[in-house]
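Just below is one structure, and these are the notes that go with it.
The values are calculated or read from the model by the stated rules, or taken from the named source; none is laboratory data. Small disclaimer: the values here were computed from a predicted structure and weren't measured. Here Cβ is always computed from backbone atoms with ideal geometry, including for glycine, and neighbour counts include all displayed protein chains. Ligands, DNA and RNA are stripped out before the accessible areas are found, and what is left, the full protein with its side chains, is counted by its heavy atoms. Shrake-Rupley method; radii C 1.70, N 1.55, O 1.52, S 1.80 Å.
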Amino acid sequence: MSTNFVSPQMERSLESGNMTRIQEFVLLGLSARLGMRDVLFAVFLTLYLLTLLENTVIIYLTCSHSELRKPMYFFLGNLSCLEMCYVSVTMPSLLVGLWIGPFHVSFTACMTQLFFFIVLICTECTLLASMAYDRYVAICRPLHYPLLMRPQVCLGLAMTSWLGGLLVSVVKTSCIASLSYCGPNVLNHFFCDVSPLLNLSCTHVALTELVDFISAVVIFCGSLLVALASYAAIGRTMLRMPSAATRRKALSTCASHLLVVGTFYAVVLFMYSHPSRINSTDLSKVLSVVYTVVTPMCSPVIYCLRNREVHTALQKTLRSRWVSAVRTDLAHSRF
């Protein structure tokens with residue numbers, strides 16, 4: 001009678017050999033009935049095209065009009081460029097899911113989408129903090145504004161935002177891509193996000209969650225503290241202003257940015273400021289729609305709604321386009 005003895009090390013080896021690393025994921029998309037999906041597809045496609053149009057107009061105006069070549073509009077142009085990329089990373093997969101239902105995405109494509117998503121969301125956090133600092137200098141230290149916000153400083157802040165987002169994304173994506181995914185491979189989301197991927201990993205994710213937590217503290221909480229400190233100083237300065245008209249003027253230059261910052265950070269910090277996995281997938285998807293679709297669409301409107309300089313530049317552009325179109329029509333009519 002023979003006895004077969006298998007050591008714990010051999011068992012782990014056999015188990016790891018039986019685990020096949022999955023090569024693709026299935027994105028479930030937004031859960032909705034078939035008829036409802038058609039309506040949502042039309043709505044989100046319209047929002048996507050509107051977002052691209054709005055941000056393209058902002059970039060064109062800030063680049064083509066000399067009166068908008070100021071630090072505030074330099075950062076606004078960067079933000080518009082970022083949000084065009086941002087919405088273009090997540091919206092196509094959302095639209096595909098609404099058009100055809102659950103669909104397959106390769107492991108490489110999923111990690112690529114995750115990489116660009118993290119780059120852009122981290123860059124937006126630090127860019128919004130830079131814009132808050134710009135408003136702080138403009139209101140609290142107006143005499144030093146030309147020196148403190150000279151073009152070299154503005155360019156340095158923008159480049160730091162982009163490079164910081166790139167660095168964080170390289171680290172986080174590398175950690176997530178190095179995990180083992182041995183099934184199931186269904187992502188209950190409309191794009192490849194951090195939390196759904198961690199939920200599918202069949203190995204320990206403590207180190208990856210620690211990296212996620214540290215990056216949240218450094219990027220999200222750090223940039224939020226800069227924004228809060230800037231607006232706290234702005235609030236103190238406004239209270240010392242002698243006239244109500246001066247206070248209203250100062251508030252009008254900050255209100256739009258404060259609204260965008262409040263919406264963005266409230267949603268993102270709720271989603272990513274802790275390492276634990278989010279269990280409510282429906283709530284997760286709803287909040288993801290807010291900061292990946294709604295915020296990029298609303299930001300240009302919020303920033304330009306009460307901005308006279310942008311209104312003037314837009315009117316000049318439309319007037320010049322109209323005049324040139326009339327001249328073209330007249331020239332053709334002569335022949």
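For (1) of a type in the set (Val, Ile, Thr); (2) touching a strand residue (DSSP E or B) at 6+ places or on another chain (Cβ under 6 Å), each residue gets a yes or a no:
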| site | (1), (2) |
| --- | --- |
| Ser169 | no, no |
| Thr173 | yes, no |
| Ser178 | no, no |
| Asn185 | no, yes |
| Phe191 | no, no |
| Val194 | yes, no |
| Leu197 | no, no |
*Tell me the helices (runs of 4 or more DSSP H) entirely within segment 142-201 that contain at least 2 residues that are among the hydrophobic types (A, V, I, L, M, F, W, C) and more than 24 Å from Ser93 (Cα to Cα).*
145-148, 151-177
*Taking segment 278-290 as the search range and keeping residues that are in a helix (DSSP H, G or I) and of a type in the set (A, V, I, L, M, F, W, C), which one is modelled with the highest pLDDT?*
Val289
*Yes or no: Ala229 among the small types (Gly, Ala, Ser), modelled with pLDDT of 85 or more and either open to solvent by 30 Å² or more (accessible area, probe 1.4 Å) or touching a helix residue (DSSP H, G or I) at 6+ places or on another chain (Cβ under 8 Å) (or both)?*
yes
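The rows are residues; the columns are (1) out of contact with any Phe, Trp or Tyr (no Cβ under 6 Å at 6 or more places or on another chain); (2) without any contact (Cβ under 8 Å) to a residue 60 or more places away in the chain; (3) within 22 Å of Val260 (Cβ to Cβ).
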site	(1), (2), (3)
Leu30	no, no, no
Gly35	yes, yes, no
Leu45	yes, yes, no
Ile58	yes, no, yes
Cys63	yes, yes, yes
Val87	yes, no, yes
Thr90	no, no, yes
Pro102	yes, no, no
Phe107	yes, no, no
*Going by the structure shown, is Leu120 of a type outside the set (Val, Ile, Thr), without any contact (Cβ under 8 Å) to a residue 12 or more places away in the chain and part of a helix (DSSP H, G or I)?*
no
*asked:* Can you report the number of residues in segment 1-58 which are exposed (fewer than 15 other Cβ atoms within 10 Å of the Cβ), in a helix (DSSP H, G or I), at pLDDT below 90 and of a type outside the set (Val, Ile, Thr)?
replied: 15
_Leu128 modelled with pLDDT under 95 and exposed (fewer than 14 other Cβ atoms within 10 Å of the Cβ)_ = no
*Please work out which residue is farthest from Val294 (Cα to Cα), limiting yourself to segment 60-69 and to residues that are surrounded by 18 or more Cβ atoms within 10 Å (Cβ to Cβ) and not hydroxyl-bearing (Ser, Thr, Tyr).*
Leu68
*asked:* Tally up the residues in segment 131-182 that are under 23 Å from the mean Cα position of the chain (by Cα), crowded, with 19+ Cβ neighbours inside 10 Å and of a type in the set (A, V, I, L, M), please.
replied: 6
_Of all residues in segment 78-125 being open to solvent by less than 10 Å² (accessible area, probe 1.4 Å) and in contact with a strand residue (DSSP E or B) (Cβ under 7 Å, 6 or more places away or on another chain), the one that is modelled with the lowest pLDDT_ = Gly97
*Looking only at segment 239-265, count how many residues are part of a helix (DSSP H, G or I) and open to solvent by 30 Å² or more (accessible area, probe 1.4 Å).*
15
*asked:* If I ask for residues that are at pLDDT 80 or above and crowded, with 16+ Cβ neighbours inside 10 Å, which ones from segment 291-328 would you list?
replied: Thr292, Val293, Thr295, Pro296, Met297, Cys298, Ser299, Pro300, Ile302, Val310, Ala313, Leu314
